[in-house]
Amino acid sequence: MSRRGLLIILSSPSGAGKSTLANRLIAWDPSIRFSVSATTRPPRAGEVEGTHYYFRSRDAFEAMIEGDEMLEHAEVFGNLYGSPKAPVEAAVRAGQDTLFDIDWQGGQQIRNSVLGKDVVSIFVLPPSIAELELRLRARGQDSDQVIATRMRKSRDEISHWAEYDYVLVNDDLDRTEADLFAVITAERLRRERQPRLNEIVRNLNQEFESHHQKGDA
């Protein structure tokens, strides 16, 4: 293993583009594992158990919380969401990056967990509130009442932007995508995430010594 896996947290108010960016990130590097969350909300059309979510009853979900089986969890729009802990810990140990498409509450819990040192957190802002509402309506998934609720919620979500390592303003999707890829590339190359560097430098120094001795001879 060349390094520990990253926990890539991608958050934004609903409609700002985090799901699209998450999908593009995995298309860019298919080795990144998409964290599959558990939820108490019913499946939407086309969603598959174990691929999009683990769909659980509220009682079953609360039992997972009580059993310390969740890395993070939160209640959003009346439903519980959370990330099962065991597969994430295994991925980090195996050097596999895991992507979390979650809100600020979940991101906060992961950053404060035992895996916090492995976190790279990124918040995506919309260019304007008007554009945010336009994108929500363009999705065609929610009623006017749900959209109004999401818009009210967005102000609170945006207020947590400063808790994140990186903030991207998604005014141009392709440019925001390129910035996201640059963040992940740079974070993978941080000195503390390259455990083989000590060995490489030690070998370089041994080569210096060898050349020096040959020169003296």
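Considering only residues that are touching a strand residue (DSSP E or B) at 6+ places or on another chain (Cβ under 8 Å) and over 30 Å from Q194 (Cβ atoms), look in the stretch 14-36 and name the one that is surrounded by the most Cβ atoms within 10 Å (Cβ to Cβ).
Step one: list which residues in the stretch 14-36 are touching a strand residue (DSSP E or B) at 6+ places or on another chain (Cβ under 8 Å), which gives 16-19, 21-22, 25-26, 32-36.
Those left that are additionally over 30 Å from Q194 (Cβ atoms): 16-17, 19.
Numbers: A16: 26, G17: 22, S19: 15.
Filtering the stretch 14-36 for residues that are touching a strand residue (DSSP E or B) at 6+ places or on another chain (Cβ under 8 Å) and over 30 Å from Q194 (Cβ atoms), the one surrounded by the most Cβ atoms within 10 Å (Cβ to Cβ) comes out as A16.
Just to verify a result, which residue in the stretch 77-86, among those that are touching a strand residue (DSSP E or B) at 6+ places or on another chain (Cβ under 9 Å) and in contact (Cβ under 8 Å) with a residue 24 or more places away in the chain, is surrounded by the fewest Cβ atoms within 10 Å (Cβ to Cβ)?
Result: N79.
I'd like the residue in the stretch 152-176 that is polar (S, T, N, Q) and not in a helix (DSSP H, G or I) and, out of all such residues, is surrounded by the most Cβ atoms within 10 Å (Cβ to Cβ). Outline the logic, then answer.
Of the residues in the stretch 152-176, the ones polar (S, T, N, Q) are 154, 159, 170, 176.
Then keep just the ones that are not in a helix (DSSP H, G or I); that gives 159, 170.
Numbers: S159: 10, N170: 23.
Here the residue is N170.
Look at the stretch 49-71 and say how many of its residues are more than 27 Å from D97 (Cβ to Cβ), of a type in the set (D, E) and surrounded by fewer than 11 Cβ atoms within 10 Å (Cβ to Cβ). Walk me through how you get there before you give the answer.
First, the residues of the stretch 49-71 that are more than 27 Å from D97 (Cβ to Cβ): 57-60, 62-63, 66.
Filter once more, keeping what is of a type in the set (D, E): 59, 62, 66.
Still in the running and surrounded by fewer than 11 Cβ atoms within 10 Å (Cβ to Cβ): 59, 66.
So the count comes out to 2.
Which ones in the stretch 103-148 are surrounded by fewer than 19 Cβ atoms within 10 Å (Cβ to Cβ) and aromatic (F, W, Y)?
Passing the criteria: none in range.
Report yes if I147 is of a type outside the set (D, E) and part of a helix (DSSP H, G or I), otherwise no.
Working: of a type outside the set (D, E): yes; part of a helix (DSSP H, G or I): yes.
Considered against the rule, which asks whether it is of a type outside the set (D, E) and part of a helix (DSSP H, G or I), I147 comes out as yes.
Would you point out the residue of the stretch 37-48, among those that are surrounded by fewer than 15 Cβ atoms within 10 Å (Cβ to Cβ) and of a type in the set (A, V, I, L, M, F, W, C), that is nearest to the chain's Cα centre (by Cα)?
Across the stretch 37-48, the extreme among qualifying residues is V48.
From the list A63, A27, A91, A86, which residue is in contact with a Lys or Arg (Cβ under 7 Å, 6 or more places away or on another chain), over 22 Å from R150 (Cα atoms) and among the aliphatic types (A, V, I, L, M)?
Numbers: A63 fails: in contact with a Lys or Arg (Cβ under 7 Å, 6 or more places away or on another chain); A27 fails: in contact with a Lys or Arg (Cβ under 7 Å, 6 or more places away or on another chain); A86 fails: in contact with a Lys or Arg (Cβ under 7 Å, 6 or more places away or on another chain).
Sole residue among the options that is in contact with a Lys or Arg (Cβ under 7 Å, 6 or more places away or on another chain), over 22 Å from R150 (Cα atoms) and among the aliphatic types (A, V, I, L, M): A91.
Pairs only if they're at least six apart or on different chains, beta carbon under 9 angstrom, first in the stretch 171-199 and more than 20 Å from G95 (Cα to Cα), second surrounded by 13 or more Cβ atoms within 10 Å (Cβ to Cβ) and of a type in the set (G, A, S); list them, first residue then second.
That search, which allows pairs on different chains as well, returns L173/G17; T176/G17.
Could you say which residue among S159, S154, S143, S128 is in contact (Cβ under 8 Å) with a residue 12 or more places away in the chain and polar (S, T, N, Q)?
Working: S159 fails: in contact (Cβ under 8 Å) with a residue 12 or more places away in the chain; S143 fails: in contact (Cβ under 8 Å) with a residue 12 or more places away in the chain; S128 fails: in contact (Cβ under 8 Å) with a residue 12 or more places away in the chain.
Checking each option against the conditions leaves just S154.
Going through E187, E199, E192 one at a time, which residue ends up being surrounded by 15 or more Cβ atoms within 10 Å (Cβ to Cβ), out of contact with any Ser or Thr (no Cβ under 7 Å at 6 or more places or on another chain) and assigned to a helix (DSSP H, G or I)? Before the answer, list the steps.
On the way: E199 fails: surrounded by 15 or more Cβ atoms within 10 Å (Cβ to Cβ); E192 fails: surrounded by 15 or more Cβ atoms within 10 Å (Cβ to Cβ).
After applying the criteria, what remains is E187.
Considering every residue within the stretch 9-20, establish whether at least one is in contact with a Phe, Trp or Tyr (Cβ under 6 Å, 6 or more places away or on another chain) and either among the hydrophobic types (A, V, I, L, M, F, W, C) or in contact (Cβ under 8 Å) with a residue 24 or more places away in the chain (or both). Step through it out loud before you land on a result.
Here is the first cut: in the stretch 9-20, the ones in contact with a Phe, Trp or Tyr (Cβ under 6 Å, 6 or more places away or on another chain) are 9, 11.
Filter again for either among the hydrophobic types (A, V, I, L, M, F, W, C) or in contact (Cβ under 8 Å) with a residue 24 or more places away in the chain (or both), leaving 9, 11.
There is at least one residue in the stretch 9-20 that is in contact with a Phe, Trp or Tyr (Cβ under 6 Å, 6 or more places away or on another chain) and either among the hydrophobic types (A, V, I, L, M, F, W, C) or in contact (Cβ under 8 Å) with a residue 24 or more places away in the chain (or both).
Exactly one condition in (1) out of contact with any Lys or Arg (no Cβ under 8 Å at 6 or more places or on another chain); (2) at pLDDT below 90; (3) of a type outside the set (A, V, I, L, M, F, W, C) is false for P195; which is it?
It fails just one condition, (1).
Would you check if G106 is within 21 Å of H52 (Cβ to Cβ) and of a type in the set (G, A, S)?
Working: within 21 Å of H52 (Cβ to Cβ): yes; of a type in the set (G, A, S): yes.
Criteria met by G106.
The values are calculated or read from the model by the stated rules, or taken from the named source; none is laboratory data. The shown structure was predicted, so the numbers you read here are calculated from the model rather than taken from an experiment. Backbone-built Cβ (ideal geometry, glycine too); neighbour counts: all protein chains shown.
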